[in-house]
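The values are calculated or read from the model by the stated rules, or taken from the named source; none is laboratory data. What you are looking at is a predicted structure, and each value in this text was computed from that prediction instead of being measured. Glycine gets a Cβ as well: all are built from the backbone with ideal geometry, and neighbour counts include every protein chain shown. Protein only, heavy atoms only, side chains kept; ligands, DNA and RNA dropped before computing areas. Shrake-Rupley method; radii C 1.70, N 1.55, O 1.52, S 1.80 Å.
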Amino acid sequence: MDRTEELGLIKEIIGLAEQKSAYLDDTIAHSPISRYSSAERFERERATIFRRKPIVAAHSSELEGARAFLARDVMGLPVLLVRDDDGEVSAFLNVCRHRGAKLERESSGCKRVFTCPYHGWSWTNKGELRAVPQEAQGFPDLPRAERGLRRLPVAEAHGFIWVVANPDDGSSLDIDAWLGEIASDMDWLDLANHKIAVEETVEIAANWKVLVEGGIEAYHFRVAHAATIAPHFPDNLSTYRMFGPHMRSILPRSSMMELDEKPETEWEIRQDANVLYTLMPTTQMLVQQDHIVWINSEPLSEGRTALRLATLVPNDSPDTPEMQKHWQKNHQITHVTLMEDFVLGEEIQAGFASRGNPSHLFGRFEGALNRFNLVVEEMLTG
Ligand code: FES
Ligand SMILES: [Fe+2]
């Protein structure tokens, strides 16, 4: 984000506060509950979105140095991410090409050759079949070139490793084209020069979209977060802007309303607002004053979602026990606040079974939720 845009966003919020108005869409909208509760619908989302669109699979710092590897599930597929001796990243299915055993059992480490724990076939970190025990006798004329590891489209950009969780997709991945104009905000965040200070994974009994919806409006702060963050935020004040399928939300703190006492040259949006990026389909970044909370979700079914919450901090922040304590404390505050949202999400999901509510209503100041759902609908219909 450039300076003109940063000041424009702050002035927009101050203007709304002066008019005592929320940021309003033209109309209210309806969202049918089948979007969140149907197994058939979830399978369509998996096929047309989760297995087709670029997914953030890891932060670059997790795959640091030549021969580093990570084995993790990405959109339900076992994936092996490797960095070769030239620093290039590849993504493979973590599935043996002999009889399908899980090739790498460790979740991370450093290796150049991957050997299957079943019969000992091995592959290089470029995915080439290297050795087959008793090959001459058991597998005469084995077409070795056809037995390389199955490759997934992969790219390293903006501090993340992105994959398309689909071994049949032979295309190359252009992340800047996917991000469009929001790429300049990613540059502004300088994510490549960050490291993970604290992380955790939680599993929540709610649809992934219910959980996204829980974060992109400020209408609920006063009530749902009364005991935590509400006192630091003005009531029901936030803005959003779409960048293609992606969204940037500005959630101002009350301190933003006092900025007129300071010269404009000292205004910094990160000091007086949370900036929330919703990168389709499953990554959110909550940008706070001195750190970024990276939320990566892995939709498991129509009613279950695993979320990885990681506090990303600048590489040059000191590795001292005091700083670690500071990051832990901040992570804990975010955890408690997000759990308030997630518990509500679980209760909403449980309520779908009642069929009492055929659709949800989005008020004019909840327009971001409607826009997010329209993006999903558009992706579903291609
Ligand atoms: S299944 Fe992997 S070597 Fe046999
Ligand atoms: Fe919330």
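Under 1.5 on a/c is rounded, so check that first for the stretch 246-328, then, if it is not, pick prolate when a/b is larger than b/c and oblate when it is not; a ≥ b ≥ c are the square roots of the alpha carbon gyration tensor eigenvalues.
Oblate.
Can you work out the Karplus-derived ³J(HN,Hα) for every residue in the stretch 47-54? Use 6.51 cos²θ - 1.76 cosθ + 1.60 with θ = phi - 60°, whole Hz, and x for glycine or proline.
Values per residue, Gly and Pro as x: 5, 9, 10, 4, 9, 10, 9, x Hz.
Can you tell me which of 52, 270, 105 moves the most in a GNM of the chain? Springs connect C-alpha atoms under 10 Å apart.
Per the Cα network of the chain with a 10 Å cutoff, 105 tops the list.
Using the Cα gyration tensor of the stretch 202-279, with a ≥ b ≥ c the square roots of its eigenvalues, what is the shape: rounded (a/c below 1.5), prolate (a/b larger than b/c) or oblate (neither)?
oblate
Give, to the nearest whole percent, the P(r) tail of the stretch 55-172 beyond 19 angstrom, counting all Cα pairs.
Beyond 19 Å sits 43 percent of the P(r) for the stretch 55-172.
Can you list the lysines whose alpha carbon sits under 25 Å from that of residue 102, skipping same-chain ones fewer than 8 residues off?
Output for residue 102: 53, 111, 126.
If Rh is defined by the Kirkwood formula over all Cα pairs and Rg also comes from Cα, what ratio Rg/Rh do you get for the stretch 206-352?
0.98
What does the convex hull of the alpha-carbon atoms of the stretch 296-382 project to on average, in nm²?
8.8 nm²
Residues of the stretch 254-361: accessible area per residue at 1.4 Å, in Å²?
In whole numbers, the stretch 254-361 has 47 Å² accessible per residue.
Counting only heavy atoms of the protein chains, get the accessible area per residue of the stretch 55-172 (1.4 Å probe) and round it to a whole Å² value.
Normalised by residue count, the accessible surface of the stretch 55-172 is 47 Å².
For the chain, take the alpha-carbon Rg, divide it by the Kirkwood Rh, and send me Rg/Rh.
My calculation puts Rg/Rh at 1.01.
Tell me, which cysteines of the chain are without a disulfide-compatible partner by the Cβ under 4.7 Å rule?
Unpaired cysteines in the chain: 110.
Over the chain, with every protein chain in place, what whole percent of the accessible area is carbon and sulfur at 1.4 Å, could you tell me?
The C+S portion of the solvent-accessible surface of the chain is 49 percent.
From the phi of every residue in the stretch 112-121, what ³J(HN,Hα) in whole Hz does the Karplus formula 6.51 cos²θ - 1.76 cosθ + 1.60 yield, where θ is phi - 60° and glycine or proline is x?
10, 10, 10, 10, 5, x, 9, 10, x, 4
Identify, among 206, 136, 13, the residue whose Cα sits farthest towards the positive end of the charge dipole of the chain, taking +1 on the Cβ of Lys and Arg and -1 on the Cβ of Asp and Glu, with the dipole about the Cα centre.
Working it through, the farthest residue towards the positive pole turns out to be 136.
Considering only C-alpha atoms, what is the centroid distance from the stretch 293-321 to the stretch 103-156, in Å?
For the stretch 293-321 versus the stretch 103-156, the Cα centre distance is 31 Å.
Explain nothing, just the number: dipole magnitude of the chain about its Cα centre with +1 on each Lys and Arg Cβ and -1 on each Asp and Glu Cβ, in debye rounded to the nearest 20.
Roughly 1640 debye, rounded to the nearest 20.
Quick one: among 354, 317, 184, which has the greatest mean-square fluctuation in a GNM of the chain with alpha-carbon springs under 10 angstrom?
Of the options given, 354 has the highest mean-square fluctuation.
Along the positive direction of the dipole of the stretch 55-172 (beta-carbon charges: Lys, Arg +1; Asp, Glu -1; about the Cα centre), which of 161, 171, 94 reaches farthest?
Result: 94.
Which value, in Å² and to the nearest 10, is the accessible area of residue 53 when all protein chains are kept and the probe is 1.4 Å?
About 50 Å², ignoring ligands and nucleic acids.
Quick one: 3J(HN,Hα) in Hz for the stretch 97-103, Karplus 6.51/-1.76/1.60 with θ = phi - 60°, rounded, Gly and Pro as x.
Coupling constants for the stretch 97-103: 8, 8, 9, x, 5, 6, 5 Hz.
With springs only between Cα atoms under 10 Å, which of 253, 44, 67 fluctuates most in a Gaussian network model of the chain?
44
Once you order the gyration tensor axes a ≥ b ≥ c over the Cα atoms, which shape class does the stretch 325-367 get: rounded for a/c under 1.5, otherwise prolate or oblate by comparing a/b with b/c?
Taking the square roots of the gyration eigenvalues as a ≥ b ≥ c, the stretch 325-367 is oblate.
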